[in-house]
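The values are calculated or read from the model by the stated rules, or taken from the named source; none is laboratory data. In this text the structure is predicted, and so the values were computed from the model without any measurement. No Cβ is skipped: glycine too gets one built from the backbone with ideal geometry, and neighbour counts run over all protein chains shown.
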């Protein structure tokens with residue numbers, strides 16, 4: 001919920017599940033989308049060379065890639081520059097507005113990655129943990145498993161599904177994160193519940209408007225996964241799988257794991 005503009009000196013106030021902050025139905029609204037685009041594209045840009053290498057080395061020719069959870073479009077742009085046709089999918093209208101400017105020749109769809117009809121393609125990429133985002137009451141495991149089945153149904157033999165997730169385990173991910181730029185600041189307070197395999201991120205944003213700062217807040221519910229279980233589900237859906245804690249030279253944050261799944265051919 002956006003509040004009245006506040007001076008920059010008020011930035012240090014912690015979110016702490018602020019009672020004034022209500023959970024939003026749409027993630028990455030305009031100010032968080034802007035911050036994501038200008039400050040948090042390092043993973044996508046660092047991972048892009050390894051993803052492109054893997055797609056070019058796939059067992060089938062890869063022409064069309066679906067970029068699931070494309071966000072502000074840094075990976076979409078890199079895939080286009082590498083010569084692929086790209087369809088980007090994201091539920092945030094504000095992120096897609098930025099993505100269309102970054103990658104104007106791509107095709108974009110505003111939709112939940114669990115509800116849209118995956119178009120025929122040769123590869124699906126979900127970079128930056130988009131499969132971990134779920135609503136309260138969702139059966140995250142079931143939704144992701146069905147996503148694997150839908151991906152297997154559209155990919156040709158040798159087609160690739162590349163994604164990363166946050167794993168269960170240690171160290172704890174509870175804590176506070178703070179970052180700022182010339183015209184923005186963000187404070188995230190993360191609480192982990194190992195029993196329910198969830199993280200709750202309460203995120204406060206501050207965006208400069210003229211001489212003041214506009215304050216916003218979003219609450220993101222993130223599901224944690226057991227990598228062994230995911231490997232079994234991918235195998236059951238017809239994929240051969242390898243995993244890593246990096247995309248080439250781009251290492252992942254603690255408890256993140258990348259999956260590189262190739263669609264099996266007929267037996």
Inset, instruction - Return a yes/no flag: does region 191-206 have any residue that is in contact (Cβ under 8 Å) with a residue 40 or more places away in the chain, closer than 22 Å to residue 127 by Cα and either loosely packed, with under 14 Cβ neighbours inside 10 Å or assigned by TED's automatic domain parsing to the domain that holds residue 49 (or both). - result: no
Legend entry - Qualifying position, being in a loop (DSSP other than H, G, I, E, B), in contact (Cβ under 8 Å) with a residue 24 or more places away in the chain and over 22 Å from residue 56 (Cβ atoms), among 128, 135: 135
Legend entry - Index of the failed condition, residue 253 passing every other in (1) in a strand (DSSP E or B); (2) assigned by TED's automatic domain parsing to the domain that holds residue 56; (3) under 16 Å from the mean Cα position of the chain (by Cα): (1)
Inset, instruction - Might you check whether a residue that is part of a helix (DSSP H, G or I), touching a strand residue (DSSP E or B) at 6+ places or on another chain (Cβ under 6 Å) and touching a residue at least 60 places away in the same chain (Cβ under 8 Å) occurs anywhere in region 230-239? - result: yes
Inset, instruction - Mind listing just one residue for me: the one in region 33-84 that is touching a residue at least 60 places away in the same chain (Cβ under 8 Å) and assigned to a loop (DSSP other than H, G, I, E, B) and, of those, surrounded by the most Cβ atoms within 10 Å (Cβ to Cβ)? - result: 62
Inset, instruction - Select from region 181-190 the residues that are in contact (Cβ under 8 Å) with a residue 60 or more places away in the chain and surrounded by 17 or more Cβ atoms within 10 Å (Cβ to Cβ) and write down the one among them that is farthest from residue 214 (Cα to Cα). - result: 189
Inset, instruction - Taking residue 101 as the residue in question, decide whether it is within 13 Å of the chain's Cα centre (by Cα) and modelled with pLDDT of 95 or more. - result: no
Inset, instruction - Scan 188, 236 and give me the residue that is at pLDDT 95 or above, assigned by TED's automatic domain parsing to the domain that holds residue 57 and more than 16 Å from the chain's Cα centre (by Cα). - result: 236
Inset, instruction - Would you point out the residue of region 85-112, among those that are in contact with a strand residue (DSSP E or B) (Cβ under 9 Å, 6 or more places away or on another chain) and in a helix (DSSP H, G or I), that is farthest from residue 129 (Cα to Cα)? - result: 100
Legend entry - Residue among 131, 161 that is touching a helix residue (DSSP H, G or I) at 6+ places or on another chain (Cβ under 8 Å), surrounded by 14 or more Cβ atoms within 10 Å (Cβ to Cβ) and either within 24 Å of residue 37 (Cβ to Cβ) or not assigned by TED's automatic domain parsing to the domain that holds residue 88 (or both): 131
Inset, instruction - Would you check which residues across region 171-180 are over 18 Å from residue 129 (Cβ atoms) and without any contact (Cβ under 8 Å) to a residue 40 or more places away in the chain and list them? - result: 178
Inset, instruction - Tell me which of these residue 151 doesn't satisfy, since it passes every other one: (1) touching a strand residue (DSSP E or B) at 6+ places or on another chain (Cβ under 6 Å); (2) part of a strand (DSSP E or B); (3) in contact (Cβ under 8 Å) with a residue 40 or more places away in the chain. - result: (2)
